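As structure tokens, the structure follows; a few thoughts come after it.
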Ligand code: IMP
């Protein structure tokens, strides 16, 4: 069993569909304001390893919009909580270049061993309007091949998503050690 430290039910459901043996731990950890997702994950791993005994994982994600020089990026959670999808769409009003990328960093560690990190990315475009009711966060405004992620089932999202890529890399790494 792996403890996945997250308060986000959507993230947990996505991880569980891939890993199977995973338990959600909503105990919180400090998400430092850093320049990169890796730094956030490394700091977070140190903190959760002091509190949980057992295989543990965390995941940090962000949405990077090309035409906004990577914003909101590492500020994705704060921006979502303050201005949300409407705020992003307003900021991009009239912008032609709508390319964006979701990035995910998964941190994993077992007691007494160093944390390892796994990355995933998903390229897409920011829509003009929110569409769909699935997923969470920026999913309704992030389009891949004509559909927003919120218009996909969890299984469809897991075929392509940044988080699924990172979690599958963890899964393969775990299997390769057996
Ligand atoms: P964090 O990884 O929980 O810090 O996520 C940062 C922000 O990006 C939060 O507002 C999340 O809702 C959003 N976010 C993270 N992953 C996804 C995703 O897969 N789809 C849409 N939004 C996401």
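Every number in this text was worked out from the coordinates using simple rules, so none of it is lab data. Fair warning: this is a prediction, and the values are worked out from it, not measured in the lab.
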Helical contribution to [θ] at 222 nm, DSSP H n ≥ 4, -39,500 (n - 2.57), averaged over the chain, rounded to 500
-10500 deg cm²/dmol
Using only Cα atoms, find the angle between the long axis of helix 162-176 and the longest principal axis of the chain, and express it within 0 to 90 degrees, rounded to the nearest 10.
20 degrees
Percent of C-alpha pairs per 10 Å bin, the stretch 2-176, short to long:
10, 39, 35, 14, 2, 0
Helix axis angle, 37-51 relative to the chain longest principal axis, alpha carbon, degrees
40 degrees
How would you classify the stretch 113-178 from its alpha-carbon gyration tensor, with a ≥ b ≥ c the square roots of the eigenvalues: rounded for a/c under 1.5, else prolate if a/b is greater than b/c, otherwise oblate?
prolate
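I want the antiparallel fraction of DSSP beta bridges within the chain, as a percent rounded to 5. Please list the in-between numbers first.
Numbers: 25 of 31 bridges.
Expressed as a percentage, antiparallel bridges in the chain total about 80.
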Quick check: the angle from helix 9-19's long axis to the longest principal axis of the chain, C-alpha only, nearest 10 degrees?
60 degrees
